[in-house]
Structure formats: structure tokens, C-alpha cells
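Take a look at the structure below.
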Amino acid sequence: MATTETPAAQARPGRPSTRGRRGRPSRFLLIIVVVLALLFGVPWAVLVYPLPHWPTPVTVAGTIVTVLALAAFPPMMILGHGRGRDWAARIGDTILGVIWIVFAWTVLSFVLRLGLTVAGVADPARSRIVAIAVAIVALGLIGWGNREAMRVPRVRRVDVTLPRLGQDLDGTTVAVLTDTHYGPINRAAWSARVVEVVNSLDADVVCHVGDIADGTPEQRAEQSAPLGDVRATLARIYVTGNHEYFSEGQGWLDRMASLGWEPMHNRHVVVSRGGDRLVLAGIDDITARHSGRPGHGADIDAALSGVSPDLPVLLLAHQPKQIGDAIRAGVDLQISGHTHGGQIWPFHLLVRTDQPVLHGLSRHGDRTQLYTSRGAGFWGPPFRVFAPSEITLLTLHSPAS
């Protein structure tokens, strides 16, 4: 039996169907709705209603708070991160952090519920015990997590042996600063205190490994200004992270150059002590190539162009997963950030699906080592839970030391 189609229903030769493209926004919206329903719905069910069977006034109050938070969250995130309204970003980010912490511990509370069930504790006592326990833990972690996020990072000291490092460079120190994320919360005073800590280390090399800020150099000028006071005996070097490309990637390279830093935009410099030399190189973030900014994109070959194959190489690359380029190029040590160590537990489980390493020193291939910093600041939610911030002091050693 023959069928006929109207012209509108016929696919035009040489033009892909638009059905898939029309469906993508709908699928994305559905995913967002499901995620929000879980994030807010699971805590509401466990803490408010129906499981605990609280008196009506408690249930009504808890429901109102939950609905208001859910209703405020999307517009605050859109206004804050989509349209650059810092006040809205602060509200949206805080809601996100709080609900993530509450959601995570609400899910974990089902272990406690199972234990109470085995012990013979019945509802409503069982559900009320669970709800109170979750509330206490969540409130404690919210307060502690905010303090951890806003504090000046602790210094983490790590020794790294580089087989090709010359004896004259043994003991060279590298201060690692990354993921400062100057953003909607004005942390100019925090930035100044971080610089004081970095300068107290009296490092030979100071590096900033990207994600310097969320916003333009003009927006974050006050917060980034203290970086101009950083001291180093040999070099101050900087590479872009992915967040620079949400605003002005080239603008941040120019800003750091104006503050006296060496922007490692797919290039290198060589430092020396006595008769030995060390190559300091940097590449753009992996997202730069698709940012739409001409001339940006990670290029390890350009960064190491003209480098003698006998010299040891220290490479700055914002994301740990850029380690493949480093291995191919025979880099001795790659320094990265980006992961924040997960920032808010248990988000590290999702980070590990995207990155080969969460934090610390690791070996990759026959020669290449990778140091991944948890970073100094935070993105979005002003909380750090079981993922402390850090300023790292790497001490490089030659094998003969």
C-alpha cells in the first residue's frame, strides 16, 4: 500500500532532520527536573514528611522552607552565573551547597534506618531519630565546611625526585597556587593573606595553575591585585584554567602579565642555577580549543619547541587529564589543579569519573610524575567538606642528593 507525506513531513535532501535537535532541550529540561526533584524531594521525605510524622506545624514549616529553596534556586543560578549578578550567585551557590550536603547525608541515613529496623525500633520513633541525626550532621558539616572554604589554605609540603634534575638545582622549591576562583564573594582580604603565606615560603618558583577567577579581570581586579606582590627568586608563571574561558581567557593572561607574572600560553622559559637548567613550560586548558577564542588551545609541541631533550621539564597544565600530552612529550613533572579534591564529599566520586587523579603525587608512564593540588579556593558553594584547601610547596631533588 502506497503512503503519501505532506511536503512539511518530507525530509529535504542534504539537510539533516531537526527532530533530534528539537528533542535535546526537552531531554535536558527533563534531566534538570529529575535532578532537582531528587535533590530537594529526598531530604523533604526523610526530614519533613511523610516519614517522621511530625506535628502539623513542623511539617508545614519544613515544607515551606523546602519549596522556597527549590523555587529560588533556578532563577538565582541563572541570574548569578548566566547574567553576572553576584548577589544572586551567592544565594544560588549557597542553596546548592546546603542541599547537596543534606541530600548526601539523607541518602546515607538509610543505613541508620536499616540498623534501627534490625534493632526493632518502629516508626515514628525510627524516622524521627534518623531525621534528627541527619539534621545534626548536616548542620555541623555546613558550618565546618564554610569555615574550611573561607580559611587561608594550609601549606602542604611534598618532596619530588626528578631523575634528570642537575645537582645545582637540587632543593629548588616550587610554590603551587591554583583554583583561587575569585568570584561573587569578595575575598580581597583573603587573597592578600594567601599571598603573605606564599611569600613566607621564600620559593624559587611560584606558579598559578589556573581557574584564577569567575568573572572578567575588571570585575575581579580588587581580588586579584594582591598577586602582584607575590615574590619568587627565579620565576612566577601562570596558565589558564577552564573558568578563564567562561569570561576572558586572553584578558586574564594580560592581567597576570600586568601583575608581573609570566603567562605560559603554550610556551616555556628556562631557569638555571650554577651549571644546571630547568625548563618551565605551560599549556592552555583543554577547553580552550573549543572556546571560540582564536589562538587558544593546548599545544604541547609549541610549548616545548626548541627545548633540548636532555633538560628536565616542569609543565603547568590545569587539568590532570592533560597528562597524556605530558607523557608523550617526556615531561618530568606536570603540576595541575582543577579537581578541588572533590570540594564537597562525596562529589569526589563524580570527579574521578572525569579525571585520572583526585589529588597528590602520582606516576604516569616511565618518566612522568603528576602533582594534583586540591586548590586554594572554591567554586560555587562556599563549602569544603573532607577536601581541605592547600598551598603546596614542592621541593625538587636530583637523584644524587
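The values are calculated or read from the model by the stated rules, or taken from the named source; none is laboratory data. As the structure is a computational prediction, the values presented were derived from the model and not from experiment. Neighbour counts run over all protein chains shown; Cβ positions are idealised from the backbone, glycine included.
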Exercise for the section: Identify, from the list GLY84, GLY171, GLY97, the residue that is in contact (Cβ under 8 Å) with a residue 24 or more places away in the chain and in contact with a Phe, Trp or Tyr (Cβ under 6 Å, 6 or more places away or on another chain). Expected result: GLY97
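Residues are listed down the side, and each one gets a yes or a no for (1) within 16 Å of LEU47 (Cβ to Cβ); (2) surrounded by fewer than 20 Cβ atoms within 10 Å (Cβ to Cβ); (3) not assigned by TED's automatic domain parsing to the domain that holds ALA69:
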{"residue": "ALA88", "(1), (2), (3)": "no, no, no"}
{"residue": "ILE101", "(1), (2), (3)": "yes, no, no"}
{"residue": "GLY120", "(1), (2), (3)": "no, yes, no"}
{"residue": "ARG128", "(1), (2), (3)": "yes, yes, no"}
{"residue": "VAL137", "(1), (2), (3)": "yes, yes, no"}
Exercise for the section: Check LEU201, LEU162, LEU169 and return the single one that is assigned by TED's automatic domain parsing to the domain that holds GLN250, of a type in the set (A, V, I, L, M, F, W, C), touching a Leu at 6+ places or on another chain (Cβ under 6 Å) and more than 27 Å from ASN266 (Cβ to Cβ). Expected result: LEU201
Completion exercise
The lone condition GLY97 fails out of (1) over 19 Å from the mean Cα position of the chain (by Cα); (2) surrounded by 19 or more Cβ atoms within 10 Å (Cβ to Cβ) is (1)
Problem - Count of residues meeting criterion [under 18 Å from the mean Cα position of the chain (by Cα) and under 14 Å from LEU39 (Cβ atoms)] in the stretch 70-92 - result: 2
Completion exercise
Going through the stretch 78-129 in order, the residues found to be assigned to a helix (DSSP H, G or I) and among the charged types (D, E, K, R) are ASP86, ARG90, ASP93, ARG113, ARG126, ARG128
Fill in the blank from the handout: (1) assigned to a helix (DSSP H, G or I); (2) touching a Ser or Thr at 6+ places or on another chain (Cβ under 9 Å); (3) at pLDDT 95 or above all hold for ARG157 apart from (1)
Exercise for the section: Answer with yes or no whether PHE383 is buried (at least 24 other Cβ atoms within 10 Å of the Cβ) and in contact with a strand residue (DSSP E or B) (Cβ under 8 Å, 6 or more places away or on another chain). Expected result: yes
Handout entry: Condition met for GLY337 (of a type outside the set (A, V, I, L, M, F, W, C), buried (at least 24 other Cβ atoms within 10 Å of the Cβ) and within 29 Å of VAL102 (Cα to Cα))
Key = yes
Problem - Unique residue being farther than 30 Å from LEU96 by Cβ and crowded, with 21+ Cβ neighbours inside 10 Å when the list is THR368, THR372 - result: THR368
Exercise for the section: Would you please name the residue that is surrounded by the fewest Cβ atoms within 10 Å (Cβ to Cβ), looking only at residues in the stretch 226-251 that are more than 13 Å from ALA213 (Cα to Cα) and β-branched (Val, Ile, Thr)? Expected result: THR233
